[in-house]
C-alpha cells in the first residue's frame, strides 16, 4: 500500500514544485535590475507580477485567447523575457504569427548578462525553439493601387493602415482571410478580400474610380479677380483685368489730385510774396524818386525785402506751374491706363527764380 502511494506522492510533489516555481520565475522581475534598467513604481511591479502569473497559468491551460491581454499588459508595465516569450508563443497559437515571431525575436536577440536568472535563460531557449517552425508559416501580401497617386490614398488590411512604402512589395502577413481597403478623397472606396495559406504569397490590385457624387471645390465668384491684397470685385460687364487697370487708374488720379494741391499752394505762396514785393517796390519808388539812382540809406531794408519777396514769389509761382502741369499729366495718364498702356516720363525742375517741367509722353 505504501509502495503504491509513492508514485502519487512523487507526482504531487513534482506538480507542486512546478506551480511553486511559477511565482519564482516571475519574481526575477526584481533581480534583473542591472540587465533591464527600469524604474517602475511598486504598484506597477506588483500589478505586472499579478498579471504575468495569471497569464502564464492561462497559457499553461491552453487558453491563449484570455492569456494574451494579461501577458501584454504585464509586459507593458515591466519588461521581462519570461513574460514576452510566453506572449509570443500564445500569439503564434492564435494565428498572429507576425506579432508573435517579432516578440520571440526580441527575446532571442536580447543580450543576457552572465549572471542572468535561469528563468531568463530558459525563456531564451524556448523562444529559439518556437521561432523555427513559426517563421516559414508567415505569408506575403502584395498590394497594388491604381487610379490615384499613392500619397493620396489610405490602404488598410483588416483595419490596420499600411504605409505607402509597402505598396508593390511583399508585406509579411498572417495566414488566413483578410480584407484590403483603399480610400481616397473624391474616389469610390475599393475593397478586396484575400485568404493567405501558410507560407504562401498573394496579390491584391485595387483600382479607385472617381466618385461622381463627390462635391467639387467651390469655384471663385463670377466677376472677382485676384489681386495682391486678395480678391477684388470687377465692375459688371468689364473684361478680365479691368479691376487691375482701374486700380492703376485710381492711383494716377490720386497723384493728379496731389499735384494740383501742391500747385495751388505754390500759387498762393507766389501771390502772397508777389503782393509783398509790390508793396516794397511802391515804397522804394516814393523814396528813391523817378531815377531810382539816389535812394536814402533808410531804404536799404526795403531793397533787401524786395529782392527776397520777389524771389519767393517767383519760386511759389514756379511750384504752382509745375504742380498744375504734373496734375494734368497724371490725370491724362490715369485715363490712358484704363484703356491701354501709357508710357510717360516726367521730371520737374526748379532754379533760382525759375521753374519748369520736362518729360516724355507716348
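The values are calculated or read from the model by the stated rules, or taken from the named source; none is laboratory data. In this text, all values refer to a predicted model and were calculated from it rather than measured experimentally. All Cβ positions, glycine included, derive from the backbone under ideal geometry; neighbour counts span all protein chains shown.
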> Considering only the range 35-74, how many residues are assigned to a helix (DSSP H, G or I) and either surrounded by 20 or more Cβ atoms within 10 Å (Cβ to Cβ) or over 40 Å from the mean Cα position of the chain (by Cα) (or both)?
Replying inline: 26
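Sort out for me the strands (runs of 3 or more DSSP E) sitting completely within the range 104-193 that have 1 or more residues that are surrounded by fewer than 18 Cβ atoms within 10 Å (Cβ to Cβ) and without any contact (Cβ under 8 Å) to a residue 12 or more places away in the chain. If you could, list the steps in order and put the result at the bottom.
Numbers: elements: 139-146, 154-157, 160-162, 170-173, 176-183.
Result: 160-162.
With 269, 265, 275 as the choices, which residue is modelled with pLDDT of 80 or more, in the same structural domain as residue 320 (by TED's automatic domain parsing) and crowded, with 17+ Cβ neighbours inside 10 Å?
Details: 265 fails: crowded, with 17+ Cβ neighbours inside 10 Å; 275 fails: crowded, with 17+ Cβ neighbours inside 10 Å.
Going through 269, 265, 275 in turn, just one is modelled with pLDDT of 80 or more, in the same structural domain as residue 320 (by TED's automatic domain parsing) and crowded, with 17+ Cβ neighbours inside 10 Å: 269.
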> Do you know which residues across the range 85-103 are surrounded by fewer than 21 Cβ atoms within 10 Å (Cβ to Cβ) and either under 12 Å from residue 120 (Cα atoms) or within 37 Å of the chain's Cα centre (by Cα) (or both)?
Replying inline: 96, 98, 99, 102
